[in-house]
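Let me begin by presenting the structure, written as structure tokens, before commenting on it.
The values are calculated or read from the model by the stated rules, or taken from the named source; none is laboratory data. Keep in mind it's a predicted model, so treat the numbers as computed, not measured. FYI the Cβ positions are ideal-geometry reconstructions off the backbone, even for glycines, and counts take in every protein chain you see. These accessible areas exclude ligands, DNA and RNA; they are computed on the full protein's heavy atoms, side chains included. Shrake-Rupley method; radii C 1.70, N 1.55, O 1.52, S 1.80 Å.
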Amino acid sequence: MNIIIKRLSSAQIIILGFAAAILLGSFFLMLPIATQDHQGASFIDALFTSTSAVCVTGLIVRDTATYWSGFGQAVIITLIQIGGMGIVTVAVSMYILSGKKITLKQRSTMQEAISAPKVGGIIKLTGFIIKVSLMFEFMGALIMSPVFCKEFGLLKGIWYSIFHSISAFCNAGFDLMGVKENFSSLVYFANNPIINLTIMSLIVIGGIGFTTWEDIARNKIHFKKYRMQSKVIILTTTLLLLLPAIYFYLFEFSNLPIGERFLSSVFQSVTPRTAGFNTVNLTLISETGIAIIIFLMIVGGSPGSTAGGMKTTTLSVMLSTAISVFGHREHTHFFGRRIDDDTVRTAATVLTMYLALFLSGGLIISSIEKLPLLTCLFETASAVGTVGLTLGITTELGTISRIILIMLMYLGRVGGLTLIFAALASRKGNTSRLPHEKLTVG
């Protein structure tokens, strides 16, 4: 086994690790003890739920609170925690706790898994990730526990607080509010500021990236000392939260009281990044609002975070490149630093892949299920962005459509480029250069 692992590239280890966790989770969810009727879930339902949990998506075909037993819910939240922190992070943490020596190959794999800037200090960063994750999840559960304990009783309230805190921090979107109404998410708490603000904070904290939080912890409020990547992430995240919130407040929720209108507007701006909770009926939002949510879902969170999507840095690089072209500048740059051409090409590739997966998946599902294209595109954007929001069609989809969503969730979490690098790991690049000729575009 060790010989086989040594031969695998970092990308191959990552994708196989996620696949193994999904299959193991499916096995546990198929056990009779995992469901409330003690019949066990079918393979496709178990596989869909396990994939959604490990890939921290939140799309479900069975209501989490009413279909799965306490054991099944525990399996789901464990898979979410593993998927949120990353398979490799959890594995390396177990190595550290056991006292085993971490090899250079494992350090390199860890670097790729969490998008760390360098291999040096990777073990220290792993410890930081574990501490930050547990700290914020504990704080979130502590803040929400009075509300949930009052609503559901002491023991159930504590369990609900822990479950929703982990789910929010890991940007998973799984909830247990089906006890109020099946597939209702957090609509019941739409006007509760404690639940809204806590869930939103956990989503943003988890989605901003562990390396960014390390930068913040080291440099505090001295923004100029931050790494360029952290600056780009913070600026882009702020704009992607603020601008949609303003739109939702002005045009979508004008019929709500001011307090609930503000909370709903901000929440619907935060949750597509890539959490999957919702506090309003999304089917009541206009097509313009749906289009904005689709855009936010595809962008997703930031590198090295619990969130999925093509990432905020990808969007930033593409926008900055466009600005550079308009301004007749030779290179893309941020904060007085030039971005190399390889990064620009990678960003363009990632954008192309996510758009291709999102559009092709939506077109196929729309053709198979005979459903409106926009509704299906919303579903595939949610899957490939590992978000979990839906317009209510997930439970009605056939087996082929569910398999498509499973594939999109998996690709969205491990990353399309990771799969390509894994497939082409053994191939050597061609260093020869072809003749140059100009091509007019635009």
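Among Gly276, Thr313, Ala348, whose Cα projects farthest towards the positive end of the dipole of the range 259-350, with charges put on the beta-carbon of Lys, Arg (+1) and Asp, Glu (-1)? Positive-end residue among those listed: Thr313. Maximal additional length on extending the His436-Arg218 stretch stands at 73.8 nm, based on 0.36 nm per residue less the C-alpha distance. Taking amide H atoms as placed 1.01 Å from N in the peptide plane, the amide H of Thr332 lies under 5 Å from those of Ile339, each 5 or more residues away in sequence or on another chain.
Tell me the carbon and sulfur percent of the accessible area for the range 249-309, rounded to whole percent, probe radius 1.4 Å. Here carbon and sulfur together make up 64 percent of the probe-accessible area.
Rolling a 1.4 Å probe over the heavy atoms of the protein chains gives the range 276-317 an accessible area of 25 Å² per residue.
The smallest convex shape that holds all Cα atoms of the range 285-416, its convex hull, gives 119 Å³ per residue.
Along its three principal directions, the equivalent ellipsoid of the range 118-238 from the Cα gyration tensor extends over semi-axes of 32, 15, 12 Å, largest first.
Can you tell me which of 181-190, 149-158, 164-173 comes out highest on packing, and rank the rest after it, using the mean Cβ neighbours within 10 Å?
Top of the packing list down: 164-173, 181-190, 149-158.
Considering the options Thr211, Leu239, Tyr249, tell which one lies farthest towards the positive end of the dipole of the range 202-307, charges being +1 on Lys and Arg and -1 on Asp and Glu at the Cβ, about the Cα centre. Going by the Cα projections, it comes out as Thr211. Normalising the Debye intensity of the range 14-56 to I(0), with uniform scatterers on Cα atoms only, and taking log10 at q = 0.15, 0.19, 0.25, 0.31 Å⁻¹ returns -0.33, -0.50, -0.76, -1.01. Among 320-332, 228-240, 390-402, sorting by the average number of other beta carbon atoms lying within 10 angstrom of each residue, highest first, gives 228-240, 390-402, 320-332. Ranking Leu31, Leu263 from most to least accessible surface, computed with a 1.4 Å probe over the protein chains only, gives Leu31, Leu263. Taking only the C-alpha atoms of the range 171-251, the Rg (one decimal) and the largest Cα-Cα distance, Dmax (whole number), read 16.2, 48 Å. Ellipsoid semi-axes for the range 181-310, based on the Cα gyration tensor and the rule √(5λ), read 27, 15, 14 Å when sorted largest first.
Given a 1.4 Å probe and the protein chains as shown, Asp63 ends up with an accessible area of around 10 Å². Accessible surface calculations at 1.4 Å, restricted to protein heavy atoms, place the range 142-225 at 44 Å² per residue. Using a probe of 1.4 Å, the accessible surface attributed to Thr279 totals some 0 Å² when neighbouring protein chains are kept in position.
Across every pair of non-identical alpha carbons in the range 250-354, the mean reciprocal distance, once inverted, gives a Kirkwood radius of 15.7 Å.
A straight chain from Asp341 to Ile368 at 0.36 nm per residue would run longer than the Cα-Cα distance by 5.7 nm.
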